[in-house]
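Asker: One structure, pasted below without further comment.
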Amino acid sequence: MNTSLLREHISNYLRNLQNDRKKHDDDLRERAQRKAFFQGWSADRMRTMGDEDIYDYVSQLWAMRIWSNKRYVVEKMIRENGIEKLKAELVNLIWGQDSVDARWDRFRNGVRHVGPAMMSELLCHAHPDTCMLWNRRAYVAYRYLNIAGLPRYDYQLTGKKYDQLSAYARDIGKEMRTLGATEVDLLTVDYFLWDELQVEDTLSQIHKKGPKTADDAGDVAEIEEVDKLDSETSQFVHNETKDKLAEIGRWLGFSTDTEVKVADGSVVDTVWEATIGNMGRVIYVFEVQTKGSIDSLILNLLKSMNNPAVQGVVAVSDSAQLERIKKHASAVKGLGDKLKYWDYREVLKVYESLQAVYEAINKLGLVPQGF
């Protein structure tokens with residue numbers, strides 16, 4: 001980490017706060033309110049949550065502000081995880097006795113539709129002295145400070161990596177206190193990262209390779225061949241890509257779902273669906289390939305095309321596997337000329353780009369976002 005650069009920005013940040021006491025007081029008040037709200041959900045209280053309680057709890061997260069229909073997102077979270085499992089895993093993540101990295105890995109591998117931004121925000125509000133809030137803005141700030149080994153994609157953000165990122169945030173907090181800041185915790189650090197260190201264009205920088213050190217040079221390496229990932233990571237990549245394909249479709253105006261039966265013997269990863277007036281449905285099918293048989297993928301796509309509403313089928317994988325899929329598909333009558341191909345890394349980039357669009361629109365404040 002570039003400590004001299006950090007200190008320069010801390011000094012500037014503290015001067016700005018001194019010159020704008022109202023902002024300083026408003027920030028303090030907002031931080032206090034948020035911590036009081038989330039810390040008020042004790043383990044015992046969380047175990048008694050109903051659907052509406054979960055909505056009240058989750059909908060207050062900053063990470064939820066990109067969604068125009070928060071209730072849809074929370075209902076999907078409850079439906080696809082099951083309310084009892086979701087409550088139990090939330091309790092363990094926030095209040096469990098195991099190490100933070102172990103709780104993080106258990107939650108991210110066991111719970112769907114709750115990404116690292118939401119997980120880290122819940123932890124930060126409940127444990128602001130030790131746990132940071134990690135999101136795209138934190139990535140940009142850390143990158144600017146020349147911090148090495150930053151995770152670019154959700155599947156790279158393991159519990160061990162989250163622990164390392166939080167340790168950097170604690171170091172930043174120490175520097176802030178050294179230079180005269182008071183009442184500093186990692187939520188304070190988050191405000192500093194947002195207000196002072198968004199100095200690079202997020203979308204143009206987030207996918208560039210960051211600085212590396214000998215200790216963590218492999219942390220930010222591109223994963224070219226997903227079939228060489230270990231089984232646990234491969235499944236995580238598969239689920240993340242599948243879910244983000246669904247969200248991309250929703251942002252584009254489609255009705256979307258995952259794990260959908262579209263024809264006899266064909267359950268596909270993701271579908272986009274649109275109704276055209278009174279003419280019927282149009283469906284686009286996506287199959288994500290990480291490990292497993294390419295022949296099975298092709299057979300599944302062929303079966304899905306038995307549904308006359310299916311107008312397009314797309315295979316999603318890395319560049320190496322997509323080439324193998326093309327070779328197999330070229331020999332299959334009725335499929336080779338209809339099958340489209342999408343690199344999973346491009347899917348993740350498109351998701352982040354659309355996410356940034358929604359964040360920018362929401363910053364206009366056209367819809368009230370009261371706490």
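The values are calculated or read from the model by the stated rules, or taken from the named source; none is laboratory data. All figures in this text were calculated on a predicted structure; none of them were measured in a lab. Methodologically, a virtual Cβ is constructed for each residue, glycine included, from the backbone with ideal geometry; neighbour enumeration extends over all protein chains shown.
Asker: Pull up the range 287-319, narrow it to residues that are in contact (Cβ under 8 Å) with a residue 24 or more places away in the chain and exposed (fewer than 13 other Cβ atoms within 10 Å of the Cβ), then point me to the one that is nearest to the chain's Cα centre (by Cα).
Answerer: Only one residue fits best here, namely 295.
Asker: Are there any pairs, at least 6 apart or on different chains, whose C-beta atoms fall under 6 Å, with the first in the range 71-82 and closer than 16 Å to residue 247 by Cβ and at pLDDT below 95 and the second part of a helix (DSSP H, G or I) and aromatic (Phe, Trp, Tyr), and if so, which?
Answerer: These pairs meet every condition: 74/55.
Asker: Another one. Checking the structure you have, find out if any residue of the range 107-124 is at pLDDT 90 or above, over 14 Å from the mean Cα position of the chain (by Cα), in a loop (DSSP other than H, G, I, E, B) and outside the structural domain of residue 232 (by TED's automatic domain parsing).
Answerer: Checking the range 107-124: not a single residue is at pLDDT 90 or above, over 14 Å from the mean Cα position of the chain (by Cα), in a loop (DSSP other than H, G, I, E, B) and outside the structural domain of residue 232 (by TED's automatic domain parsing).
Asker: Keeping to the range 1-40, report how many residues are within 30 Å of residue 85 (Cβ to Cβ) and free of Cβ contacts under 8 Å to residues at least 40 places away in the same chain.
Answerer: 2
Asker: Out of curiosity, is residue 143 in contact (Cβ under 8 Å) with a residue 40 or more places away in the chain, assigned by TED's automatic domain parsing to the domain that holds residue 105 and not aliphatic (A, V, I, L, M)?
Answerer: The answer is yes for residue 143.
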